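A quick write-up on the structure given underneath.
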Amino acid sequence: MTRASNRPPVVPPEAALPSYLRAGYTLRSWLLTTDHKRIAILYLVSISFFFLIGAIAAALIRLELLTPAGDLLTNDGYNRAFSIHGIIMVWFFLIPSIPNTFGNFLIPLMIGARDLAFPRLNLLSWYIYVVAGLITLYVVLSGGVDTGWTFYTPLSSVYANGAVVAAILAVFISGFSSILTGLNFIVTVHKLRAPGMTWGRLPLFVWSHYATSIIFVLATPVLAITLLLVAAERLFGIGVFDPALGGDPLLFQHLFWFYSHPAVYIMILPALGVISELITSAAHKRIFGYWFVAYASIAIAVIGFFVWGHHMFVSGQSYYASAIFSFLSIAVAVPSAIKVYNWTATLYKGDIELNAPLLYAMGFIGLFVAGGLTGLMLAMLAIDVHVHDTYFVVAHFHYIMVGGTVTAFFGAMHYWWPKITGRLYPEAWARASALVILVGFNVTFFPLFLLGYEGMPRRYHVYPESFQVLQVISSCGALLLAAGYLLPVAYLGWSLFRGAKAPANPWGATGLEWTTSSPPPKHNFIEQPVVERGPYDYPISDPLSRSND
Amino acid sequence: MSIAVRRLLLAWIGLIALLALTVGLAFLPLGAAKPAAAYLIATAKAALVLWYFMELRREGGLPRLAAGAGFVWLSVLLVLTAADFLSRN
Amino acid sequence: MSPGFQLWPAAASQHAREVDLLIGSFGAMVWLLSLPVFLLMGFFAWRYRRGRAANRRHRPNRNIWLETSWSAIPFTLTMVFYVWATGLFLDLQHPPANAMTIDVVAKQWMWKFQHPEGAREINDLHVPVGTPVKLVMTSQDVIHSLYLPAMRIKQDVLPGRYTSEWFTADRTGVFPLRCAEFCGADHAVMGGRLVVMSPARFAEWLAANDGGALSPAERGAKLYRESGCAACHDRAANGLAPSLEGLFGTRVQLADGSVRTADEQYLRDSLILPNSAVTAGYRPIMPSYANTFGPDEIAALVAWMKTSGGSRPQ
Amino acid sequence: MTEQAAEEPFHDTDRQEQADRLGMLVFLASEIMLFGGIFAATMALRIQHPQDYMKAASHLRLALGTANTAILLTSSLAAALAVEGARSGRSRWAARALAAACLLGTAFLAVKGYEYAGEYREGLMPGTAAAHFSGPLQRLFMDLYFLATGLHAFHVLTGIVLMLTAALNRTALHDRRAVLIGNVALYWHLVDIVWIFLFPTLYLAGVP
């Protein structure tokens, strides 16, 4: 049942038009493809690989922290483990996670286009990502780096051992993949919308990816040049950030966080877009306050550029600047709060199907609220002075990045699985895994808030005994969380071969992507769709209320 | 000479004149206003290039927005960073 | 640092208790704002689940007033806490004038403390209860951060710059002292104890530990003499360089027309980068002492310039 | 005049042209932010050490910098004229204007190279045996100078290659929409704008 277009859904018989998966079986047909859907699959495979490596590093960290003494890893080994964990998870999983897989796959489908605006550029950005990834693998194999993912100077530029320059090069290169992806999305959304697909009819998923792309394009180059300067300092003694050479280490922090704070929104904005789709589809109801939610994405992307100084409250930054950044950081919470309240209002009087994607979405909202509100605490100057650089911060950003982004990633994986693979996943297993992930996540990361407030700094591999109970609870939770993440791998893998064939629109959802077959043919639609309704035009159960609409 | 070509030539004359002006101003005793004047003139030159050479005058709102975004965001970076450096101690 | 399980860190200053109160009340407000979301979400999911008979008639899917108010009210409430938190933070930036000043030099991976009376210690810091203590800190290598959880304060310690933090302990005891900014291999063990003692015990400790060592000011005076600074800076010298007597804390007119306060940072810069802030009326002839003096020596020289208050070295 | 067919995924050439141009403008915004890091670094140095910054900058040759600014501004004019030429159907004119822009770009690089050689002789090039500086701040300024102008020169070189490609491309010269030439010219103008801001940052800052 489709309402995005008043034409009957065009579902071609399998023989008439092969799906994108059947458009070629050779390796070459995958590696040289310009089909956005195939490139999305390439990304999915490669980011899953890096998620695994990052997770192994995380496992080492959690094992080491079982005891207060440093008995599993040496001090240096531990430092390399969390550095690799951070670098890989941030740049090789979280940043590309939702945009480059689901964004790549869905944006053209959702706006009724045949592909992204620059298909070859899209393939190029995957290759750039792969080159960067290979360099990172070299870094891992050659012994890693001990700078942390933040590369603070002068530690990274003068004192650190390890393959710092190679790691910087990897991150530098991966940045160009981000820039090209963002550019491609922006142009696609502007220039390839189907006839009738006005801005007010864009799915919120597309809005949030548009906002993300702004950050990709405008923030990433600053990181690129900054890391280049760190490498120059390390290699040639160009002391832009080295006080011994006349430079200023705080300048590095300014430039680094000018990218890295908006980068948090690169990770969370696409997730917010996913949740808007999941909630409306499960509730079979129009989103509450479409424009507020849409503009909230843009507002988050823009205001997100004004708040980076809240990472520097105790760094020696001028306290006037700190007071300004604190105020701006509180302001950025407003659009996020709007989204959460609007999702809740969307559920009100809906026709709610308690499916696995909704469970993931509700889990996301809970964790995102917890992460966001503790973020608000960190924006408060006097509180931040105490908990900055402690486990409180670690807990906070894991709630946003793992509890938020990764949960949304799994939610998206279930929701669009039928569209991407043409198979249905086993619903009962999926609900079970959603619950295991939610419980496992909280057991892993909630204790870290307490550890942080008690005063345990981050990046410690040995710690006072009084912290051990909470550390052990956290490590046990990590085991549960790992099980929760492996479960979907198993049953989704099973469903690839044994799952029931998926119809074009298994959810009864309204987006354009559900009007074409599952999986879609090479150019998405047999004929150009014409859009005549909004994105969430669900039937209203009571005909009387129609007059109010 | 068509109007379009004449317009480009005039823009170029303007640019060269501004260049002469900014070099001239550098030798006047203006004190702290000197860098401000130099950057003001640089902005005017950039605006001429954007408006006439890059033809933003013929464009709609979207390309103007795209061309302006980089400058706006760069000024966010510079202004807030300067806010720290200027107000330390 | 008693072993065993604990859920709340010890608080040993008025500021620490105020931060606890702040986070406690802010936490309460946060629950107030988020609990309805959690409850309503669960309630709606149950009440309006598919197949259950329920009244699903609803108003149009937007309500500007509702949306504006649920953005504006939490924001306004948060602003109250912003003012509170920023006020507490600004207190931390303004140590009382009578604070006891302790010089701190951080290096990979230890803390060096120097008391004004001459006692020096490593990793442990002894202070008297009830006296404001100001730590003036610099680093010899990378960025560190001196973190006193019981005081709820920390401040990054930078190479090439002075930063400071202060506290007034209001109960005696032994509290943790840690490095909070990742600084390399042994970051995790770069810490020690903050020992808060009664004034009498502290005086005893001080007497027992100065070991006949020179106070920082005395060491500075000695350096001034032995390094030949007097050749230019002495009043009796031929006006090659400004006199240092009573210089500290005054406003200095610079050659480029600007004015700077002669604080720790200014004096340090003048030793390391002498030509970036030349006093009006003098020529930029002073060589850099970056390779001659380490942070310890610079701290000693600065301490001497602060205390000499116009008197010449003995 | 030849009419090209729209490529996948576009349905008509109009749309495709707009998309290409928008893509270029978005890319240029990204380029501005890339140079932004260097501008921030020079700003920080100038705010913290205004005297040393000025003294270090005074060693640069203002005359050469000014000449190079004029050269680059003129080459930007040539690029704009090339677009105008292609659009009015005068493909030979467009080719000549592009060639002129390339030539001026090369002249810019030649002057820059001459300048670098002079700085090398004066011992102002960091990392060389002959280098001698009055202190770390002068060296840092020169480091930043070489980084900024080096990165810019790399962009100049890229621009010249792009314009040469366009000048040798018959289809592009005969395209009355001037899609390729127009986009190449956009890139060239941005290279110009970056220099317009580097000029007061590096050269003019040295005038006492």
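The values are calculated or read from the model by the stated rules, or taken from the named source; none is laboratory data. Bear in mind that the values here come from a model prediction, so they are computed numbers and not experimental data. Cβ placement follows ideal geometry from the backbone for every residue including glycine, while neighbour counts extend to all protein chains displayed.
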### Query
Taking A:Leu17, is it over 16 Å from A:Asn122 (Cα atoms), free of Cβ contacts under 8 Å to residues at least 40 places away in the same chain and outside any helix (DSSP H, G or I)?
no
## Note on the structure
Going through the range B:38-55 in order, the residues found to be assigned to a helix (DSSP H, G or I) and either within 9 Å of chain D (Cβ to nearest Cβ) or touching a Phe, Trp or Tyr at 6+ places or on another chain (Cβ under 6 Å) (or both) are B:Ala38, B:Tyr39, B:Ile41, B:Ala42, B:Thr43, B:Lys45, B:Ala46, B:Val49, B:Leu50, B:Tyr52, B:Phe53
### Message
Quick check on the range A:168-183. Is at least one of its residues of a type in the set (Val, Ile, Thr), touching a Pro at 6+ places or on another chain (Cβ under 8 Å) and within 13 Å of another protein chain (Cβ to nearest Cβ)?
### Response
yes
### Task
Please specify each residue of the range C:6-51 satisfying the condition of being of a type in the set (Lys, Arg) and either more than 9 Å from every other protein chain (Cβ to nearest Cβ) or in a helix (DSSP H, G or I) (or both).
C:Arg17, C:Arg47
#### Entry: A:Gly371 more than 7 Å from chain C (Cβ to nearest Cβ), under 21 Å from A:Gly440 (Cα atoms) and not hydrophobic (A, V, I, L, M, F, W, C)
yes
### Query
Is there any pair with a first residue in the range A:318-338 that is within 12 Å of chain B (Cβ to nearest Cβ) and of a type in the set (A, V, I, L, M) and a second that is surrounded by fewer than 20 Cβ atoms within 10 Å (Cβ to Cβ) and not in a helix (DSSP H, G or I) whose Cβ atoms are under 7 Å apart and which are 6 or more apart or on different chains, and what are they?
A:Ala321/B:Ser87
### Query
For residues in the range A:57-72 being part of a loop (DSSP other than H, G, I, E, B) and free of Cβ contacts under 8 Å to residues at least 40 places away in the same chain, which is nearest to the chain's Cα centre (by Cα)?
A:Leu72
### Query
Could you count how many residues in the range C:69-102 are more than 9 Å from every other protein chain (Cβ to nearest Cβ), surrounded by fewer than 15 Cβ atoms within 10 Å (Cβ to Cβ) and not aliphatic (A, V, I, L, M)?
5
### Query
Looking at the range C:134-226, what strands (runs of 3 or more DSSP E) fall wholly within it and have at least 1 residues that are closer than 21 Å to C:Pro9 by Cα and hydroxyl-bearing (Ser, Thr, Tyr)?
C:144-148, C:163-168
### Message
Quick check on the range B:5-24. Is at least one of its residues among the basic types (Lys, Arg) and facing another protein chain (nearest Cβ under 9 Å)?
### Response
no
### Message
Within the range D:62-74, does at least one residue satisfy the condition of being surrounded by 23 or more Cβ atoms within 10 Å (Cβ to Cβ), facing chain A (nearest Cβ under 8 Å) and either in a helix (DSSP H, G or I) or not charged (D, E, K, R) (or both)?
### Response
no
#### Entry: Criterion: surrounded by fewer than 20 Cβ atoms within 10 Å (Cβ to Cβ) and away from chain A (no Cβ under 14 Å) - qualifying residue of D:Ala166, D:Ala130, D:Ala172
D:Ala130
## Note on the structure
Of those in the range C:223-262 that are free of Cβ contacts under 8 Å to residues at least 60 places away in the same chain and in contact with a Leu (Cβ under 7 Å, 6 or more places away or on another chain), the residue surrounded by the most Cβ atoms within 10 Å (Cβ to Cβ) is C:Ala262
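For (1) closer than 30 Å to A:Trp149 by Cα; (2) assigned to a loop (DSSP other than H, G, I, E, B); (3) among the hydrophobic types (A, V, I, L, M, F, W, C); (4) within 14 Å of another protein chain (Cβ to nearest Cβ), each residue gets a yes or a no:
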residue: A:Asn442; (1), (2), (3), (4): yes, no, no, yes
residue: A:Leu451; (1), (2), (3), (4): yes, no, yes, yes
residue: A:Pro488; (1), (2), (3), (4): yes, no, no, no
residue: A:Ser495; (1), (2), (3), (4): no, no, no, no
residue: A:Thr510; (1), (2), (3), (4): no, yes, no, yes
residue: A:Glu513; (1), (2), (3), (4): no, no, no, no
residue: A:Pro539; (1), (2), (3), (4): no, yes, no, yes
## Note on the structure
Within the range C:170-212, the count of residues that are among the acidic types (Asp, Glu) and in contact with a Pro (Cβ under 9 Å, 6 or more places away or on another chain) comes to 1
### Summary
Of the residues in the range A:185-209, those that are among the hydroxyl-bearing types (Ser, Thr, Tyr) and part of a helix (DSSP H, G or I) number 2
### Summary
Among the residues of the range C:169-203, the number that are among the β-branched types (Val, Ile, Thr), more than 11 Å from every other protein chain (Cβ to nearest Cβ) and surrounded by fewer than 21 Cβ atoms within 10 Å (Cβ to Cβ) is 3
### Task
Sort out for me the helices (runs of 4 or more DSSP H) sitting completely within the range D:125-208 that have 3 or more residues that are among the aromatic types (Phe, Trp, Tyr).
D:136-167, D:179-198
### Message
Please go through (1) within 21 Å of the chain's Cα centre (by Cα); (2) within 14 Å of chain A (Cβ to nearest Cβ); (3) farther than 30 Å from A:Gly112 by Cβ; (4) of a type outside the set (D, E, K, R) for D:Gly105 and return the number of the only condition it doesn't satisfy.
### Response
(2)
### Query
Of D:Ala79, D:Ala94, which residue is modelled with pLDDT of 95 or more, within 22 Å of B:Met54 (Cβ to Cβ) and touching a helix residue (DSSP H, G or I) at 6+ places or on another chain (Cβ under 7 Å)?
D:Ala79
### Message
Tell me the residue from A:Ala434, A:Ala408 that is closer than 19 Å to A:Gly371 by Cα and either of a type in the set (D, E, K, R) or within 14 Å of chain C (Cβ to nearest Cβ) (or both), please.
### Response
A:Ala434
### Query
Only one residue in A:Ala132, A:Ala163 is closer than 20 Å to A:Ile225 by Cα, free of Cβ contacts under 8 Å to residues at least 40 places away in the same chain and more than 10 Å from every other protein chain (Cβ to nearest Cβ). Which one?
A:Ala163
### Task
Quickly run through the range C:109-125 and pick out the residues that are crowded, with 19+ Cβ neighbours inside 10 Å and either over 17 Å from the mean Cα position of the chain (by Cα) or on the phi > 0 side of the Ramachandran plot (or both).
C:Trp109, C:Ala119
### Query
under 25 Å from B:Asp84 (Cα atoms), crowded, with 22+ Cβ neighbours inside 10 Å and at pLDDT below 95, is that true of A:Gly304?
yes
### Query
Given A:Gly273, A:Gly239, which one is modelled with pLDDT under 95 and touching a helix residue (DSSP H, G or I) at 6+ places or on another chain (Cβ under 6 Å)?
A:Gly239
